[in-house]
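Asker: Before we start, here is the structure in question, set down as structure tokens.
The values are calculated or read from the model by the stated rules, or taken from the named source; none is laboratory data. Predicted, not measured: the structure shown is a model, and the values here were computed from it. Here the Cβ positions follow ideal geometry from the backbone for every residue, glycine too, while neighbour counts run over all protein chains shown. Just the protein is used for accessible areas: all its heavy atoms, side chains included, with ligands, DNA and RNA removed. Shrake-Rupley method; radii C 1.70, N 1.55, O 1.52, S 1.80 Å.
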Amino acid sequence: MKVLVTGGAGFIGSHTVVALVKAGYTPIIIDNFENSDNSVLDGLAEILGAQPLCYEGDCRDGELLSMIFEAHPDLQGVIHFAANKAVGESVKDPLKYYDNNLGSTITLLKAMVHYGVPNLAFSSSCTVYGQPEVLPVTESSPVQAAQSPYGNTKQICEEILQDAVRSGLNLRVLSLRYFNPIGAHESAIIGELPIGPPQNLVPFITQTAVGLREQLSIFGHDYNTPDGTCIRDYIHVVDLADAHVAAIKVLEAKQDVDQYYDFVNIGTGTGSTVLQVVNTFEAVSGVKVNYQLVERRPGDVEQVYAQVDKATNLLGWKTKLTLEDALRDAWRWEQRLAENRADEADEEEDGFMD
Ligand code: WQD
């Protein structure tokens, strides 16, 4: 079964491509490489033994999507990752986020309906919950006003998907509300590739540990949590990738259903504070992290972590990997990136000396 993976060269997308192949699917990637690198395709070839087919382009390009859907009439489903995802950047450049995240989703839906491809797993986010009143957060927890344009685009996309299904279009959709994806593939051949200084906690920790960053700033230590730092639900990206395969399987099985829409939390069900993540990283890596406690980051919620019964009941899925596994894999990935940089520097030096 062929599955189109938009943003398939990205962090979660590339790990999902591996999971799809492992499950016997044929992934087709479309990616504009705005937030990824061609080296990811080489990594996928190394892991999979062959490079998945990849179209370089943007999901807002209706003609490109038509060409892809016509070239692959046996496409059975789509996993839609392609979006901008930096909370801070979305505050500075909201139009970029509304144009890309909404525009790509609408153009993709039109192509899916036109070519009769009904199954869609959509990359949503726990940001739709804002700061939940009750924890752990369940799918019946109220969606609250988004704290950023990024979070708002996820909420609006979920509404677009629901309305499209309700209008009677032949679509079967699952919105996966991720918590905090971290870690890397066990091979350390693919992982998180932040462009510029990392916005997210774990890549900043590993870059500090490897000497790329001087010091980690921990945003806020006066929250109402055990150690004063924020709590999040950090899920290994490989577990998250498997959840997408489980979602596609559920949608594929609904052959007799013309319209379907649901949403589900994809997390571990356990919350960890920032300091717990730092301490766990130090324990698994043996490397001390240089950090300072600074003021809160605007837009951060104090604590959010998932109740995941629905994912287990609906998808037959739950996490298998731990926070320690994810931090160990993230560290191995960071060390491999450092080795690659050193090799490139040596080659440049050799080239210079010749
Ligand atoms: C986690 C905690 C920070 C960096 C966002 C999106 C979410 C998803 C992941 C796309 C917070 C603290 C961070 C640092 C720090 N996006 N932190 N120092 O904001 O929970 O989630 O990214 O998939 O949809 O909302 O993730 O990793 O940025 O922050 O102290 O240098 O780490 O304050 O408490 P976040 P994050």
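Asker: Just add up the charged neighbours of G220: K/R +1, D/E -1, any other residue whose Cβ is under 13 Å from the Cβ of G220.
Answerer: Here the count lands on -2.
Asker: Given a 1.4 angstrom probe, what's the average accessible area per residue across the chain, in square angstrom?
Answerer: 43 Å²
Asker: Rounded, prolate or oblate, given the Cα gyration tensor of region 287-341, with a/c below 1.5 counting as rounded?
Answerer: Because a/c hits 1.5 or more and a/b fails to exceed b/c, region 287-341 counts as oblate.
Asker: Here's something else I'd like to know. Taking only C-alpha pairs under 8 Å that are 6+ residues apart, what is the relative contact order of region 200-268 in percent?
Answerer: Across region 200-268, relative contact order equals 22 percent.
Asker: Additional query: Please label the shape of region 210-289 as rounded, prolate or oblate, based on the square roots a ≥ b ≥ c of the eigenvalues of the alpha-carbon gyration tensor (a/c under 1.5 means rounded; beyond that, a/b larger than b/c means prolate, else oblate).
Answerer: prolate
Asker: Taking Cα centroids, how far is region 204-268 from region 292-312 in Å?
Answerer: 10 Å
Asker: To continue, here is another question. Could you work out the local net charge near Q76, counting Lys and Arg as +1, Asp and Glu as -1, over the other residues with Cβ closer than 10 Å to its Cβ?
Answerer: Result for the local shell: -1.
Asker: By the gyration tensor of its Cα atoms, with a ≥ b ≥ c the square roots of the eigenvalues, what is the shape of the chain: rounded for a/c under 1.5, prolate for a/b over b/c, or oblate?
Answerer: Cα axes put the chain in the oblate bin.
Asker: Given the -39500 (n - 2.57) contribution per DSSP H run of 4+ residues, what per-residue ellipticity at 222 nm results for the chain, rounded to the nearest 500 deg cm²/dmol?
Answerer: -12500 deg cm²/dmol
Asker: Relative contact order of region 57-142, please, whole-number percent, based on alpha carbon pairs below 8 angstrom and at least 6 residues apart.
Answerer: Relative contact order here is 38 percent.
Asker: Determine, for each peptide in 307-315, 295-303, the mean count of other beta carbons within 10 angstrom over its residues, then list the peptides with the highest first.
Answerer: 307-315, 295-303
Asker: Using a 7 Å offset from Cα along Cα-Cβ at D93, what residues in region 124-165 end up with backbone N under 19 Å from the label point?
Answerer: Of the residues in region 124-165, 148-154 have backbone N under 19 Å from the label point off D93.
Asker: Using a Förster distance of 22 Å, how high is the FRET efficiency between V257 and I106, based on the Cβ-Cβ distance and rounded to 0.05?
Answerer: Once the sixth-power term is evaluated, E becomes 0.45.
Asker: What is the chain's relative contact order, in percent, from Cα pairs under 8 angstrom and six or more apart in sequence?
Answerer: 19 percent
Asker: Now a separate question. Provide the percentage of antiparallel DSSP beta bridges, counting only those with both residues in the chain; round to the nearest 5.
Answerer: Of those bridges, close to 5 percent are antiparallel.
Asker: Still on this model: If you count, for each residue, the other Cβ atoms within 10 Å and average over each peptide, how do 194-201, 26-33, 320-327 line up from highest to lowest?
Answerer: So the peptides 194-201, 26-33, 320-327, ranked by packing, come out 26-33, 320-327, 194-201.
Asker: What area, in nm² and to one decimal, does the C-alpha convex hull of region 1-144 cast on average over all directions?
Answerer: The number I arrive at for region 1-144 is 9.8 nm².
Asker: Additional query: Anyone know which of S123, S36, S167 comes out most mobile in the 10 Å Cα GNM of the chain?
Answerer: S167
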